[in-house]
Each structure stands twice: as structure tokens, then as C-alpha cells.
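The values are calculated or read from the model by the stated rules, or taken from the named source; none is laboratory data. Owing to the predicted nature of the structure, the values given are computational and were not obtained by experimental measurement. Positions of Cβ are backbone-derived with ideal geometry, glycine not excepted, and every protein chain shown enters the neighbour counts.
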Amino acid sequence: MLVSIRAVIGRDLRLAMRRQSDIIAALFFFIIVVSLFPLGVGPEADQLRRLAPGVLWVAALLATMLSLPRLFADDHRDGTLEQLALAPQPLALIVFGKVIAHWLVAGLPLVLLAPVLGIQFDLANDALAILALSLLIGTPALSGIGAIGAALTLGVRGGGVLLSLLVLPLYIPVLIFGAGAVDATLSGLGAQAHLSLLGALTLGGVFFAPWPTAAALRIALE
Amino acid sequence: MLEVSNLECVRGERRLFAGINFRLDGGEMLYLQGQNGSGKTSLLRMLCGLTPAAGGEIFWRGRPIGQLGEEFRAELCYLGHQNAIKEELTPLENIVSAARLAQETLDEDTAVDALERVGLRGREDLACRYLSQGQKRRAALSRLVHERRALWVLDEPYVALDKAAVDLVAGLIGAHLQRGGLAVLTTHQPVAVPAAALRELWLGNGDAADVRDSSARC
Amino acid sequence: MSERVINWFKYASPQTFYPLAGKLIPWFWALAAIFGLAGLTIGFLLAPTDEQQGEGYRIIFLHVPASWMSMFIYLVMAFWAGTGLAFNTRLSGMMASALAPTGALFAFLSLWTGALWGKPMWGTWWVWDARLTSELILLFLYIGFIALQAAIDDPRRADKAGAILALVGVVNVPIIYFSVKWWNTLHQGASVSLTKAPSMAAMMLWGMILCALGCWMYSIAVALMRVRTIMLERERHTDWVRSVLGEKE
């Protein structure tokens, strides 16, 4: 079981490394969106500090959306998805591997970048740490839940826009607890409760999402 | 081993075929024929369990394939229209990772040997996007060289191949049948498969198709 | 409710369900009209004026039933979707897609009337109250479901994909509601909590229940009409639809 998950992750990472431009584009999207906010709302440090958790988290959601359509689309186009669906292990297991690979490629860089961007918003060190931690805990859930949407909109007209329509409402709890954790730190309350709930969402998202995703993929392949 | 009873296919609002019955045993090959759009690919995908049948049942070793699930898939090798070749990876990486995903052990030497057999020697480490259409098809077909699973379902295996490669693939299928394997394939090119107990199935007109045994070459 | 489910199981094939639905529709319309009129009569004419809120509160006779229906219909929709996936029945998927627009309509109505109520009561059209916010997200979920089904050409695939989405949604609705509530209590500003509604006179409660029944009957009637249309559209090449349409010509 672990072997096949590792095989999927290894293959997807290798593919991602062969076309790094996609990853980099999504990262720059994240950076640009975050940097636009001070230009829109003004440079007052107090205001920026209050906006920072929400802005960074919303930008992280949007940046994740950007890479989701390709999660299955390439495999679908060249016929690899059929082979994966016909492999002797459960498709959900393969999806699980792909979700992890997606997070390593699309989620983890956001976690590493966010503190740097947080400095632009005049966040204190402890808030920066919690920001990175909340993203670290929360972004796997984004990949997991997003996979469901990516599978449902596979090969569908206007898939990209539709994908955001389906997935963004489901992201709301992650957004609330993620940004809430940073908020709580800023206002002097502990972030513990938020982070625990975020962890619960991630566990749920990453471990349950592969099943509906696999079902949706089989439907898309019919 | 593979038995199909009363299979029916509906695509959109059109009934492509109905009442398909056949039985295929070890060492036998079924050769699907019909015009474009007669449902050949759909039938193959049904045999793999990718597309659910509108009616009828497919049995493998006496049990419905829907029930068997992973057990059945472990004995199935499907080669579709698309090559399932990643453009970014080299042919070698492609077949090694494909084998690993199919839970097979394929060491590098065997893989290189397979690529050599299909004439991709010296191209093992070139990203597939630089290969020609025919070479990509060869890379995909190199899977068959060391493939030991019992049921091969091949959709147009000869497309985009030159004469030598066609003969090679026909030889691989022949060897597979001699080992007691089963093969179902579609093609528009008449190719003689050596030493095969051949059966033909004609699809068309939405009526019950007829199965013919023909020991003659096609 | 349980009787209805049993009936629908028995009449699970479109060609037997189609005429049955046709016969039921006028009855549900009649019930909807009766309940609706009775409820509105109580609501507008008989119920006492609220001491704090004046006459403006009367919009709750539409607002509250609409909110109830919007949530309830989502559950029913997910139930049909799940049945469709589990038993592969044609009717279930059709029912789910027939219910979605009505559910979305009620969610929208609930938000709209909520805004109309909020303006005179709280002095603002919109507050980020937990209930309002979750209702808004529910509307998004409905729209996502409808958009996904509309984007897929093959109706069977659309049914199945929609079903998965509806089931994922129904698992998420409590999580979303809970998280929004949590969020709301953390950001407690000048917002007014809907939960602190004044205790209701019995007359008001009756008016509201009757209105809710009216909305319920309306939903059934409309869903049945819509499902009949969907049946004709999807099965237009079958003999039974031809004979149904032939009779009318």
C-alpha cells in the first residue's frame, strides 16, 4: 500500500519538477495578490496588520485553485488516468498519493513564502510563526477538498471557473480557522483551539476526500 | 475464462449494440470489427470495467467483473487509444513508473531490454516529447514485452506503427496467446497473428452482432 | 413524508411515475394555496402587532418558512442523490435536479426577505450574522450543484457528479455552520443576534407553521412539475414518452 502511494508521489513530483513554470506561476500569483492589498487599502501599518491573516489566507486559497485544474487533467488527456483507474490497488489510494504530491508542490511553497509576505504587513514574529503554522496545518485540507472539485469538473466545459464555484464554499471552514488562528494571536488570545480544529479539518479532508474523488474520477472516465 | 452475455451499449441516445454474447478461453483471441462509431472502443472499455454496461453482464473466471474489482484488474492489461505516455518523462521512466503504479516489479535492465525490443534503443533517456508519434506508440507498446497478465485488451494497437513494428506487436500477441493468455483487440489493419485461435465479432447497425469462429487468417 | 417515500420507491420508473405525478400536482397546488392563504391571513390580519418591531416583523411569515425550506430541500436533494448513486435508479437523479432550483429560490428568498427585515429592524441590509452567512453559503452550494449539472452534457454523468457534490455538501453543511458560528462569536461587533428573538405569540407561531406548510406543498408541486419535464426531455426517444406526447397532439 505504502509502496504504491510512494510510487504516485514520486511520479507526480518528478513530473512537477520537469515543468516548474507552473509552480512558479502559482507562487508569483500568490505574491502579487498579497502585494496588491496594501496598494488598495493604503499603507497604514495598523490596518494592514488587521487585514494580514485574511488577505494571506484568501490569497493562499486562490493560489491553490490555480493549480487544481491540472491535478487530473493532464493524466486524463494522455490516458494515464485510465491506467491508474485500472491499476490493481484502490483508486482512492492513488488519489491520496496525488493529493500529497499536490500539496508538496502547491501548498508547501505557500507555507514557506507566507512569513516573508507577512513582513510586508508588519506582522510580529509570533504572528508570523502562527501564520506559517496555520498554513502548514491547513493547506493539505485545501489539496484534499480541491481534489473532489477537480475530479468532478474533469473534462467539463468551463471547468476552471466551475471548479472555483464548487470548491471555494467548501474551503470556508479552513479559511475561518486558519485566519482565525493568526487573528487570535494578534489579539493576544491563544491560537491553540483554532489550530486543533484546523488539524481536524485537514485530517478529515485528506483522508475522506480521496473516496468521493475516486468515485468522481470513475464517473468522468465512463 | 472471459464470458460476455447479452451486453448492451447506449451512448447518448443511440443504442450502439445489444445482445452481444461470446466466450473466450485461454489461448484465444477476439478480433473486434466494425465501422467507426460502431462501439468497438466502448465494448473494450466495458470489458475493462471502465464503462458500465447499459445491460448484460461480463464474467471473468465465472464471476462478474464488478464483483471481482481489484482481483480482475490485477489480471488485466489495457492499452487505449491514448498512449498513457508522459511527455515530460523519458521512455524508460515512463514504463518503469507505469509498472510500479500497476504494482509490478520491473527492474531497469528488463525495462531497457523491452525498449530495445521495440526499437527505441538509444532513445531511453530522451524526453518523450521529442519522440515521433510512432515512437511514442512503440514506447507504450513496450509494456507488452514483459507483460504476463492474462487478459490483454488492446484498442488499435497497430495505429501509427510501421511494418516492422506491426509484425513485432503481432508476434508479442502471438506469444501471449501461446502462453495461454487471452486477447481482445480492434484494428482496421488486417494483420496475421501467428498461431492464434481467432474469433471475430462484427459490430454494426445496433442489432445483435454475430460472432464467427475463423481459423483462417484475417 | 414516509408515505411519500414509499410511493416513490414503488413508482421508481419514470413511465409509471409520470402520470402519477400529473395527478398529484393539482392537489399539491390546492393545498399550497389553502395553507398559504390561511397562513398569510393569520400573519397579516390576525396576528398582533409586535411591540418592539411594529408591523415590519410580518415579513417573517415568509422569511422563516423560506429558510426552513432552503435547508430541508438540500437534505432531501442529497437524499435523492445518494439513493441514485446507491441504487442507480433513474428517477432519483431527476428528483435531485428538479429540487435544486426550488431550494436555491428559497435560499435566495430567505436572504432577500432577511435583508428587507433587517433594514427597518437593525438599520442595515446585511449583517455578518452566523445564520445569514451560512444561508449565503448554502445558496452558493445550490448554485454550484446547478452549475455542475448544467455543464455536463450527458445526463447520467451529470446526475452522478451532482450526487457526489450534494453528498459532499451535506457532510460539509454542519461543519460550515459551526465554523461560521465560531467565527461570528469571535468577531462579535455591533451585530444583532437573531437567536434573541422575542418569545412568540401562539397566533404568530400558527401563522408561521401554516405558511411553512404552504411553502412545502408549493415545493412538492413545483418539483413534480419540473421532474415531469425532465423525464420527457431525457426519455424523449422512448416509446412511453412518444405515446404521452402523441396523446396530446
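A compact table of results
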| item | result |
| --- | --- |
| Filter result (within 12 Å of chain A (Cβ to nearest Cβ) and not in a loop (DSSP other than H, G, I, E, B)) within region B:107-137 | B:128, B:129, B:136, B:137 |
| Selected residue (only one of A:60, A:25 is away from chain B (no Cβ under 14 Å), within 21 Å of residue A:177 (Cβ to Cβ) and either in a helix (DSSP H, G or I) or touching a Leu at 6+ places or on another chain (Cβ under 7 Å) (or both)) | A:60 |
| Scan of region C:76-98 for residues that are part of a helix (DSSP H, G or I) and polar (S, T, N, Q), ordered by number | C:83, C:92, C:97 |
| Filtered residue count, region C:38-75, keeping only those that are in a loop (DSSP other than H, G, I, E, B) and either at pLDDT 80 or above or buried (at least 17 other Cβ atoms within 10 Å of the Cβ) (or both) | 1 |
| Matching residues in region A:63-96 - criterion: being part of a helix (DSSP H, G or I) and among the acidic types (Asp, Glu) | A:74, A:75, A:82 |
| Region A:180-222, residues that are at the interface with chain C (Cβ under 10 Å from one of its Cβ atoms), outside any helix (DSSP H, G or I) and touching a residue at least 24 places away in the same chain (Cβ under 8 Å) | A:209 |
| Answer residue from region A:85-108, given it is within 14 Å of another protein chain (Cβ to nearest Cβ) and without any contact (Cβ under 8 Å) to a residue 40 or more places away in the chain and is farthest from residue A:161 (Cα to Cα) among those | A:88 |
| Residue match in region A:172-190 (condition: at pLDDT 90 or above and polar (S, T, N, Q)) | no |
| Test: residue in region A:139-151 that is more than 9 Å from chain C (Cβ to nearest Cβ) and farther than 12 Å from residue A:99 by Cβ | no |
| Test set (1) more than 30 Å from residue A:89 (Cβ to Cβ); (2) in contact with a helix residue (DSSP H, G or I) (Cβ under 6 Å, 6 or more places away or on another chain); (3) assigned to a loop (DSSP other than H, G, I, E, B) - residue A:156 fails condition number | (1) |
| Residues located in region B:28-55, provided they are under 30 Å from residue B:174 (Cβ atoms) and surrounded by fewer than 17 Cβ atoms within 10 Å (Cβ to Cβ) | B:35, B:36, B:37 |
| Search result, residues across region B:150-193 that are assigned to a loop (DSSP other than H, G, I, E, B), more than 10 Å from the chain's Cα centre (by Cα) and not β-branched (Val, Ile, Thr) | B:150, B:158, B:160, B:161, B:162, B:179, B:180, B:181, B:188, B:189, B:190, B:192 |
| Identity of the residue in region A:191-222, within 12 Å of residue A:147 (Cα to Cα) and β-branched (Val, Ile, Thr), that ends up surrounded by the most Cβ atoms within 10 Å (Cβ to Cβ) | A:213 |
| Residues of region C:213-249 that turn out to be modelled with pLDDT of 90 or more and more than 16 Å from residue C:21 (Cβ to Cβ), as a count | 4 |
| Selection from region A:162-173 of residues that are touching a residue at least 40 places away in the same chain (Cβ under 8 Å), of a type in the set (A, V, I, L, M, F, W, C) and surrounded by 23 or more Cβ atoms within 10 Å (Cβ to Cβ) | A:163, A:167 |
| Residue satisfying all of: in region B:43-76; under 19 Å from residue A:92 (Cβ atoms) and acidic (Asp, Glu); farthest from the other protein chains (Cβ to nearest Cβ) among these | B:71 |
| Odd one out for residue B:104 among (1) touching a residue at least 12 places away in the same chain (Cβ under 8 Å); (2) over 16 Å from the mean Cα position of the chain (by Cα); (3) under 27 Å from residue B:43 (Cα atoms); (4) not in a helix (DSSP H, G or I) | (1) |
| Condition check for residue B:67: polar (S, T, N, Q) and either within 26 Å of residue A:74 (Cα to Cα) or buried (at least 21 other Cβ atoms within 10 Å of the Cβ) (or both) | no |
| Test: residue in region B:77-90 that is in a helix (DSSP H, G or I) and either of a type in the set (A, V, I, L, M, F, W, C) or more than 11 Å from chain A (Cβ to nearest Cβ) (or both) | no |
| Check on residue A:18, at the interface with chain B (Cβ under 8 Å from one of its Cβ atoms) and more than 30 Å from residue B:46 (Cα to Cα) | yes |
| Counted residues, region A:16-59 - those being within 30 Å of residue B:87 (Cβ to Cβ) and touching a helix residue (DSSP H, G or I) at 6+ places or on another chain (Cβ under 8 Å) | 9 |
| In region A:30-48, the residues that are buried (at least 17 other Cβ atoms within 10 Å of the Cβ) and more than 23 Å from the chain's Cα centre (by Cα) | A:38, A:48 |
| Filter result (under 17 Å from residue B:15 (Cα atoms) and out of contact with any Asp or Glu (no Cβ under 8 Å at 6 or more places or on another chain)) within region B:46-63 | B:46, B:57 |
| Near pairs, Cβ below 9 angstrom, 6+ apart or cross-chain, from region B:8-20 (more than 10 Å from chain C (Cβ to nearest Cβ)) to any residue that is basic (Lys, Arg) | B:8/B:15; B:9/B:15 |
| Top-ranked residue of region A:65-84 - restricted to ones that are surrounded by fewer than 24 Cβ atoms within 10 Å (Cβ to Cβ) and farther than 28 Å from residue B:72 by Cα, ranked as farthest from the other protein chains (Cβ to nearest Cβ) | A:66 |
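Quick grid of which residues meet (1) assigned to a helix (DSSP H, G or I); (2) at the interface with chain A (Cβ under 9 Å from one of its Cβ atoms); (3) within 23 Å of residue C:227 (Cβ to Cβ):
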site: C:121; (1), (2), (3): yes, no, no
site: C:132; (1), (2), (3): yes, no, no
site: C:137; (1), (2), (3): yes, yes, no
site: C:140; (1), (2), (3): yes, yes, no
site: C:146; (1), (2), (3): yes, no, yes
site: C:158; (1), (2), (3): yes, no, yes
site: C:161; (1), (2), (3): yes, yes, yes
site: C:174; (1), (2), (3): yes, no, no
